[in-house]
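**Q** Sharing a structure below in C-alpha cells format, with a few things to ask.
The values are calculated or read from the model by the stated rules, or taken from the named source; none is laboratory data. Just so you know, these numbers come straight off a predicted model, no measurement behind them. All Cβ positions, even for glycine, are placed from backbone atoms using ideal geometry, and neighbour counts span all protein chains on display.
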Amino acid sequence: MQTIPYVGYSLYQLFLIFCFWSFIGWCIEVIDMTYETGEYQNRGFLNMPICPIEGLGVIMVVVFFRSIKDTIIPLFLASTVLCTAFELFVGWGMEKLFHARWWDYSHMKFNFKGYICLRNSLFFGFGCVVCVRYVQPLVESTIAAIPLNVGKVIVWVMAVLIAVDTVVSLLAVKKLSDKIKRVDEISKLMLAGSVKVGMKLASGTLKVKSGVDKIIDVKDNAAEKVKSGVDKIIDVKDNAAERVKDISAANMEKLKSEYERLISERDAATERLLRAFPRMQSKKYAAALQAIKEKLHIKTDFSGDKKAVCDKEDAPETEET
C-alpha cells in the first residue's frame, strides 16, 4: 500500500488504526458513563461499538505530532489542545446541524459552555501520551502482521458496516427530531385551546355582568323583568359555553391521544440515542424532549442517586421495632 506524503501511513493503515481506536474509545466511554450513571449505556452516535470521534482524534494526534511523539510534555500539551478543540468543534457542529446538544459538561467544574471541561481535556492529553508512545507501535506492528488480503476484506467489511450504520443513525436522528418537534407543536396547540376556551368563558362572564349592571340601572323596570332578563342572559351564556366546551373537548381529546402516543412510542433506534446521550438538550424544544425522556424513564440527573447513597451511608443507625 502506498504511503501518503507527509502523513506517514497509507489509507489502508489509517482506516485500520481508526477502527481500532474507535473501538477503544467506545469501551472507555462505556466505562466512564457506567461509573457515572450506574447503568450500561451503548455510547456513541453509531449503533456499532465504535466512537468515530475518538478514532479521528487519535489519527490526528498520530499524524500531526509524529515529530514530538518521543517527548512527553510537548506531546501532552499539544494533544490536550488539539483534542479539546476537536471536541469543542464537534459538539458545536452537531448542535448546529441537528439543533440539539448531544452532551453537556455544565455539571463539571471548569467547563466552557458545556461543550468541553478540564477533566476531559487532561484525560485526552494523558491518554494520547499513553496511546502514541506505548500502544500505537503495537497497533502498527499488528496491522503489518495481518496478511494483506485478509486486511483488505476487514477494511471493506468495516467500511460497509460503518456506512450503513451511519445512514441508519442519521435516519433515527431525523425521526427523533420530527417527534420532538411534533410533541412541542401539540403541547402548544393544547395550551392555545385551553386559553381560547378560557377567554371565551371569561368574555361571556363579562357580558353577563354588563347585562346585569344595565338591567339594574334601569330603575323603572319591575323586579320580575330584571330577574327574567338576567335568566335569559345566563341561559345564552351557558348555551354558548357548552357549545365551545363540546367542540374544544373533541379537539383536545384528539390532541391528547396523539401526544400520548408520540411520547410513549417505543423505537429501538431513537431510544438508543436518548440513552446513549442522556444529557442531550434541545434549546428550541426543551420541554418536549424532557417529556419524552421522562416517559421512557431515561435519567438525566445522576447527582441525586449519588447523594442518596451518601445520605444513606452517613445516616445514623436506628433500631428496628
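**Q** If Glu95 meets every condition in (1) in contact with a Lys or Arg (Cβ under 7 Å, 6 or more places away or on another chain); (2) of a type outside the set (Gly, Ala, Ser); (3) touching a residue at least 12 places away in the same chain (Cβ under 8 Å) apart from one, which number is that one?
**A** Unmet condition: (3).
**Q** For a quick check of your reading of the model, give me the residue pairs whose first member lies in the stretch 259-281 and is under 22 Å from Glu36 (Cβ atoms), whose second is among the small types (Gly, Ala, Ser), with beta-carbon atoms closer than 8 Å and at least 6 apart or on different chains.
**A** Going by the 8 Å Cβ cut-off, the qualifying pairs are Arg272/Ala172; Leu273/Ser169; Leu273/Ala172; Ala276/Gly44; Met280/Ala100; Gln281/Ala100.
Matching residues to (1) of a type outside the set (A, V, I, L, M, F, W, C); (2) part of a helix (DSSP H, G or I):
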{"position": "Gln41", "(1), (2)": "yes, no"}
{"position": "Phe45", "(1), (2)": "no, no"}
{"position": "Met48", "(1), (2)": "no, no"}
{"position": "Gly55", "(1), (2)": "yes, yes"}
{"position": "Trp103", "(1), (2)": "no, no"}
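**Q** All but one of (1) surrounded by fewer than 16 Cβ atoms within 10 Å (Cβ to Cβ); (2) at pLDDT below 85; (3) of a type outside the set (A, V, I, L, M, F, W, C) hold for Lys175; state the number of the condition that does not hold.
**A** Going through (1) surrounded by fewer than 16 Cβ atoms within 10 Å (Cβ to Cβ); (2) at pLDDT below 85; (3) of a type outside the set (A, V, I, L, M, F, W, C) one by one, Lys175 breaks only (2).
**Q** Against the definition (touching a helix residue (DSSP H, G or I) at 6+ places or on another chain (Cβ under 8 Å), over 24 Å from Ala269 (Cβ atoms) and surrounded by 15 or more Cβ atoms within 10 Å (Cβ to Cβ)), how does Gly44 come out, yes or no?
**A** For Gly44, the condition - touching a helix residue (DSSP H, G or I) at 6+ places or on another chain (Cβ under 8 Å), over 24 Å from Ala269 (Cβ atoms) and surrounded by 15 or more Cβ atoms within 10 Å (Cβ to Cβ) - is not met.
**Q** Of all residues in the stretch 108-147, how many are touching a residue at least 40 places away in the same chain (Cβ under 8 Å) and among the charged types (D, E, K, R)?
**A** Here the count works out to 2.
This table checks each residue for (1) surrounded by 14 or more Cβ atoms within 10 Å (Cβ to Cβ); (2) part of a helix (DSSP H, G or I); (3) more than 23 Å from the chain's Cα centre (by Cα).
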residue: Asn120; (1), (2), (3): yes, yes, no
residue: Phe123; (1), (2), (3): yes, yes, yes
residue: Val132; (1), (2), (3): yes, yes, yes
residue: Asn149; (1), (2), (3): no, yes, yes
residue: Trp156; (1), (2), (3): no, yes, yes
residue: Val160; (1), (2), (3): no, yes, yes
residue: Leu171; (1), (2), (3): no, yes, no
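**Q** Still on this model: Being surrounded by 12 or more Cβ atoms within 10 Å (Cβ to Cβ), over 30 Å from Phe98 (Cα atoms) and modelled with pLDDT of 70 or more, is that true of even one residue in the stretch 268-291?
**A** The answer is no, given that none of the residues of the stretch 268-291 is surrounded by 12 or more Cβ atoms within 10 Å (Cβ to Cβ), over 30 Å from Phe98 (Cα atoms) and modelled with pLDDT of 70 or more.
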